[in-house]
Amino acid sequence: MSSDVSSISQGRAITLEHLRAFAEVARSLSFQQAGVKLCRSQSAVTQAVQRLEAHLDCTLLHRSRGRVAGLTPEGERILPEIAEVLSRLEHVIQATKRPELKGRIQVGIPPSFSAVELQGAIARLLALNPGLQIGIISGMSHDLQRMLVAGSLDVALVNQCRFDDNVLPQGMFQELCRQPLLWLCNAREVVNSAGEVPLITYTEGCPWRAAAVDALDKAGRAYTLAHVSTSYESLCGSLLAGFGVTALPEWEIDERFCVVDASHGLPPLPQARAVLASRLRSEVVEQFCEFIAGLPFFIRAREGGYGQEFRAGMAVMA
């Protein structure tokens, strides 16, 4: 790192310009193309990346004869975090530009989503819209759909495994993401001493449970319910303790989990999707749905980012 860049960086904090420059260079592997995208000169982009490296005291890019040859391990590690910061900022900016939301809406959320991403997002939405009130009910997707039809919910985030792309649902409907269900385990054996698959799953009404049970029944595989819960955290705890196997979509898993490969003879599982559904149209409901669909979590899931990152980091139970 050149001494002049290091001395300049010591007097300044990391800026969004530094983060945007690195993210764009990492995407295009070109300082010149990054400059065009950011409407900055090539030298300004180069200096921004150098200043970020000086702040972090590491090299983020492999350089060869003035060209970008790729990302260093440090660059690979920090890029998802920087992309997350920039994505969240853009989401907040877009939400701020919209008219202020007022009124009250009742929202239904499955247990895994309420624990992972949406609580923080809804808190940010309420901070941006003081006149908005949101009531949240956590429940299994089957129950949320029933409550939506009955009119006790305005919006429901619903998980599905059985769906027909050729049939258009009634009311507002938006697919947030679609990924495969996976068998997961944290033990060497996926059957117990009686030859049964010990199944860790949610209570009745969860599509992941229905899909797993249906697949095992059709394949003639005996199973027992090793742990049943309404809580995502409880389910994950039982899985990590080695109580059995479970079925979850890619967006609900991370590097702590082991994917069970085909050698164990577990049957294939269907695709899963998460959708936003609403019975009635209104301005506040439409804007709320737009806010949720634009969350970085769902954007990455739609683009396959979670699947690529987690599969790369997860072990495979062979």
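Numerical summary
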{"read-out": "Cross-link partners of LYS37 among lysines (Cα-Cα below 27 Å; sequence separation of 8 or more within a chain)", "value": "LYS97"}
{"read-out": "Computed accessible area, GLU76, all protein chains, 1.4 angstrom probe, square angstrom", "value": "110"}
{"read-out": "Calculated percent of Cα pairs over 37 Å apart (choose from (i) 7; (ii) 12; (iii) 32), label", "value": "(iii)"}
{"read-out": "Accessible surface, per residue, of the chain when the full set of protein chains is kept, probe 1.4 Å, Å²", "value": "50"}
{"read-out": "Whichever aspartates and glutamates have a C-alpha closer than 17 Å to that of LYS218, once near sequence neighbours (fewer than 8 apart) are set aside", "value": "GLU196"}
{"read-out": "ILE136-GLN174 pseudo-label distance in nm [points 7 Å out on the Cα-to-Cβ vector]", "value": "1.8"}
{"read-out": "Accessible-area value, LEU118, 1.4 Å probe, nucleic acids and ligands omitted, Å²", "value": "0"}
{"read-out": "Length gained when the stretch SER30-ASP57 is fully extended (0.36 nm per residue, less Cα-Cα span)", "value": "7.5 nm"}
{"read-out": "Signed unit charges on C-beta, dipole axis of the range 24-118, positive-most listed residue LEU56, LEU86, SER41", "value": "SER41"}
{"read-out": "On Cα atoms only, tilt of 42-56 relative to the major axis of the chain in degrees", "value": "70"}
{"read-out": "Heavy-atom accessible area order for HIS227, HIS142, largest first, 1.4 Å probe", "value": "HIS142, HIS227"}
{"read-out": "Point-to-point label distance, ALA69-ASP214, nm (Cα→Cβ direction, 7 Å offset)", "value": "5.2"}
{"read-out": "Accessible-area ranking of ARG27, ARG20, ARG77, ARG221, largest first, probe 1.4 Å", "value": "ARG77, ARG27, ARG20, ARG221"}
{"read-out": "Heavy atoms of TYR223: accessible area, 1.4 Å probe, square angstrom to 10", "value": "70"}
{"read-out": "Between the range 186-246 and the range 269-292, the Cα center-to-center distance that results, in Å", "value": "29"}
{"read-out": "Residues of type aspartates and glutamates that LYS102 reaches as a straight line, Cα spacing below 18 Å, ignoring anything fewer than 8 places off in the same chain", "value": "ASP154, GLU283, GLU286, GLU290"}
{"read-out": "Amide H within-cut-off set for ALA226, under 5 Å, with H built and near neighbours excluded", "value": "LEU199, ILE200"}
{"read-out": "Share of carbon and sulfur in the accessible heavy-atom surface of the chain [1.4 Å probe, %]", "value": "51"}
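The values are calculated or read from the model by the stated rules, or taken from the named source; none is laboratory data. A quick note: this is a predicted structure, and the numbers were derived from the prediction, not measured. Virtual Cβ from ideal backbone geometry, glycine too; neighbours counted across all protein chains shown. With ligands, DNA and RNA removed, areas are computed over all heavy atoms of the protein, side chains included. Shrake-Rupley method; radii C 1.70, N 1.55, O 1.52, S 1.80 Å.
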